[in-house]
Amino acid sequence: MTYTTESHIKTIADVKAFFHHLANECRISFHPDDNFTDYVYSNNVRIFSDEDAALYNRLMDESFDVCKKADIDIYDLAYEILTKIIRIAS
């Protein structure tokens, strides 16, 4: 999936899709509290451009809002998705 400035997180399904995108397509082990400008490759080169980091930070903020409204723990949701992906890859 490709996220653009027109993309928004509005449902729990959107949150899950975004988290799957981060783990599967971006190939990062993310934490919901992390700023996307902080993700770097082993050679210290940033993974995300300023524009992509700003977009993903906004989408993560929207994910927090959606989870809060649905009374779902965003950390548990992220952990669940990441551990499933790790199990599949093992």
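The values are calculated or read from the model by the stated rules, or taken from the named source; none is laboratory data. Here the structure is a predicted model, which is why all the values come from computation and not from measurement. Counting neighbours? That spans all protein chains shown, and the Cβs are built from the backbone with ideal geometry, glycine included. Note: areas computed on protein heavy atoms with side chains; ligands, DNA, RNA excluded. Shrake-Rupley method; radii C 1.70, N 1.55, O 1.52, S 1.80 Å.
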- line: Filter region 7-49 for residues that are among the aliphatic types (A, V, I, L, M) and not in a loop (DSSP other than H, G, I, E, B); the one that is nearest to the chain's Cα centre (by Cα) is Leu22
- request: Please go through region 6-15 and pick out each residue that is open to solvent by less than 40 Å² (accessible area, probe 1.4 Å) and of a type in the set (A, V, I, L, M).
  value: Ile9, Ile12, Val15
statement: When every residue in region 16-60 that is more than 23 Å from Thr83 (Cα to Cα) and of a type in the set (Lys, Arg) is compared, the one surrounded by the most Cβ atoms within 10 Å (Cβ to Cβ) is Arg58
